[in-house]
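The values are calculated or read from the model by the stated rules, or taken from the named source; none is laboratory data. Just so it is clear, the structure is predicted and the values come from calculations on it, not from any experiment. Reconstructed Cβ throughout: ideal geometry from the backbone, glycine too, with neighbour counts over all protein chains shown. For accessibility, only protein heavy atoms count, side chains too; no ligands or nucleic acids. Shrake-Rupley method; radii C 1.70, N 1.55, O 1.52, S 1.80 Å.
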Amino acid sequence: MLKKFQETLDKRKESGILRTLKPQAAGIDFYSNDYLGLAGNKEIQGQLLQQVQENPKLLSGSSGSRLISGNSNTVNETEHYIAEQHQYPAALLFSSGYNANLALFSALPDRHDTIIVDEQIHRSVHDACRMSYAKKLKFRHNDLEDLESILKKQTGPCYIAIESLYSMDGDLAPLQETAVLAKKYNAALIVDEAHALGVFGYGLIEKFQLQNDVFAVVMTYGKALGAHGAAILCGETIKSYLVNFASPFIYTTAAQDFLWMAVKTGYEFLKQRPELSEKLHQNIEIFRTQNIKSTSSELSPIQAVLVPDNQPLKNLQKTLSDKGFLTYAVYSPTVKTGTERLRICLHSFNTKQEIIELTETIKTCI
Ligand SMILES: Cc1ncc(COP(=O)(O)O)c(C=O)c1O
């Protein structure tokens with residue numbers, strides 16, 4: 001047994017793509033999802049500390065799943081608060097976005113249904129589809145014609161899975177147009193807003209007021225909100241269905257109330273401090289005016305710089321890391337050969353000087 005595993009790992013190593021856990025790095029952050037700097041925000045930490053001092057029970061373990069002993073007042077209140085903030089009838093909390101997607105796509109579609117996913121959809125949706133008896137079909141990234149040609153051929157119920165802001169390409173989905181197609185073919189549109197929350201206020205569904213056209217939304221709290229966990233926004237019937245049939249919701253211990261306090265505090269912070277997202281968008285603009293060829297949206301904090309081939313990409317990342325810049329390189333076969341890329345994440349706390357130095361260094365290498 002072990003021999004088989006070792007051989008597979010050796011092959012990865014030979015191809016230069018072996019994943020290893022590295023010690024926490026120090027440097028200028030151009031790789032984390034902490035777009036607004038809330039993960040280390042001292043004001044938020046102070047507020048949370050005060051809440052814990054006033055109510056130390058927030059640190060208690062939940063003691064069980066939501067359906068047994070873990071259904072605290074705090075988690076229920078937080079769900080009501082979140083549903084109201086996003087103008088959805090209901091919200092259901094999860095300890096991660098991965099689990100929220102697993103729950104949605106494994107529980108809702110049944111064996112007669114079809115899940116049509118954008119080819120760039122997050123891995124959690126693919127994994128969920130493997131747990132489901134439904135058929136999965138992929139459409140070309142952001143390609144409405146391809147999506148429609150697939151929808152046309154279906155005879156049974158369909159779900160469409162997209163992200164509003166894609167995490168690898170840093171581009172935006174044609175949300176309104178996809179909602180129109182979903183309506184035309186009576187398909188249930190599900191949108192993952194993991195990277196849009198906080199970057200675009202409460203996300204793009206709220207921005208374009210598409211709540212009535214989007215069947216369910218996944219919000220995650222480990223990115224711009226600086227915490228952890230996730231919520232599914234949906235109608236009451238879907239919430240009740242998930243509580244009854246979604247294994248990733250039912251068979252797991254509820255998170256501690258402290259997490260939900262942190263999530264609520266993050267929401268309140270977003271409302272109180274719109275200047276953080278304004279600063280982020282100024283930084284995105286600074287990056288975009290440095291003449292670096294990026295395939296990403298001009299509004300995205302994720303900027304993908306294509307460096308075809310693994311070796312030149314490795315060299316670029318090494319040069320940047322020697323200068324103290326933390327970036328993330330995406331090699332093939334994680335992405336298609338020829339589309340290897342440096343993934344740069346911009347933040348509200350990056351300085352103009354840092355962005356210019358980063359881009360100047362990139363220019364000397366590509
Ligand atoms: C689009 C998308 N959906 C879901 C997830 C999973 O969220 P979490 O990190 O909270 O498990 C991620 C995070 O990598 C993501 O990028």
Original post:
According to the square roots a ≥ b ≥ c of the eigenvalues of the Cα gyration tensor, what is the shape class of the stretch 33-100, taking rounded for a/c under 1.5, prolate for a/b larger than b/c otherwise, and oblate for the remainder?
Top reply: oblate
Original post:
Can you give the translational diffusion coefficient of the chain in µm²/s, computed by Stokes-Einstein from the Kirkwood radius over Cα pairs at 25 °C and 0.890 mPa s?
Top reply: 112 µm²/s
**OP:** Would you please classify the overall shape of the stretch 55-272 from the alpha carbon gyration tensor, given that a ≥ b ≥ c denote the square roots of the eigenvalues, rounded means a/c under 1.5, and beyond that prolate means a/b larger than b/c while oblate covers the rest?
**Re:** prolate
Original post:
Just from its helices, what would the mean residue ellipticity at 222 nm be for the chain, if runs of 4 or more DSSP H residues each count -39500 (n - 2.57) and the sum is divided by every residue, rounded to the nearest 500 deg cm²/dmol?
Top reply: -13000 deg cm²/dmol
Original post:
For the stretch 55-272, with every protein chain kept in place, what is the accessible area per residue (1.4 Å probe, Å²)?
Top reply: 42 Å²
Original post:
Which of the lysines could a cross-linker bridge to LYS184, judged by Cα under 24 Å and excluding same-chain residues fewer than eight apart?
Top reply: LYS135, LYS136, LYS138, LYS152, LYS153, LYS207
Subject >> HIS112 - accessible surface, heavy atoms, 1.4 Å probe, Å² rounded to 10 >> reply: 130 Å²
**OP:** Summarise the accessible area of the stretch 1-106 (1.4 Å probe, protein heavy atoms) by the percent that is carbon and sulfur.
**Re:** 55 percent
**OP:** Using a 1.4 Å probe over the heavy atoms of the protein chains, calculate the carbon and sulfur portion of the accessible area of the stretch 295-366 as a whole percent.
**Re:** 54 percent
Subject >> 11 Å cut-off, amide nitrogen to a point 7 angstrom out along GLU268 Cα→Cβ, residues in the stretch 27-57 >> reply: 44, 47-52
**OP:** Treat each spin label as a single point 7 Å out from the Cα along the C-beta direction, and report the HIS141 to TYR328 distance in nm.
**Re:** 1.5 nm
Subject >> Protection-proxy order for peptides 340-346, 322-328, 1-7, each taking the mean of Cβ atoms within 10 Å per residue, highest first >> reply: 340-346, 322-328, 1-7
**OP:** For the chain, give the share of DSSP beta bridges that are antiparallel, in percent and rounded to the nearest 5; count only bridges with both residues there.
**Re:** 50 percent
Subject >> Debye intensity ratio in log₁₀ form over the Cα atoms of the stretch 230-326, taken at each q of 0.18, 0.20, 0.22, 0.23 Å⁻¹ >> reply: -0.97, -1.03, -1.12, -1.19
**OP:** Report the relative contact order of the chain, percent, no decimals, based on alpha-carbon pairs under 8 angstrom and at least 6 residues apart.
**Re:** 23 percent
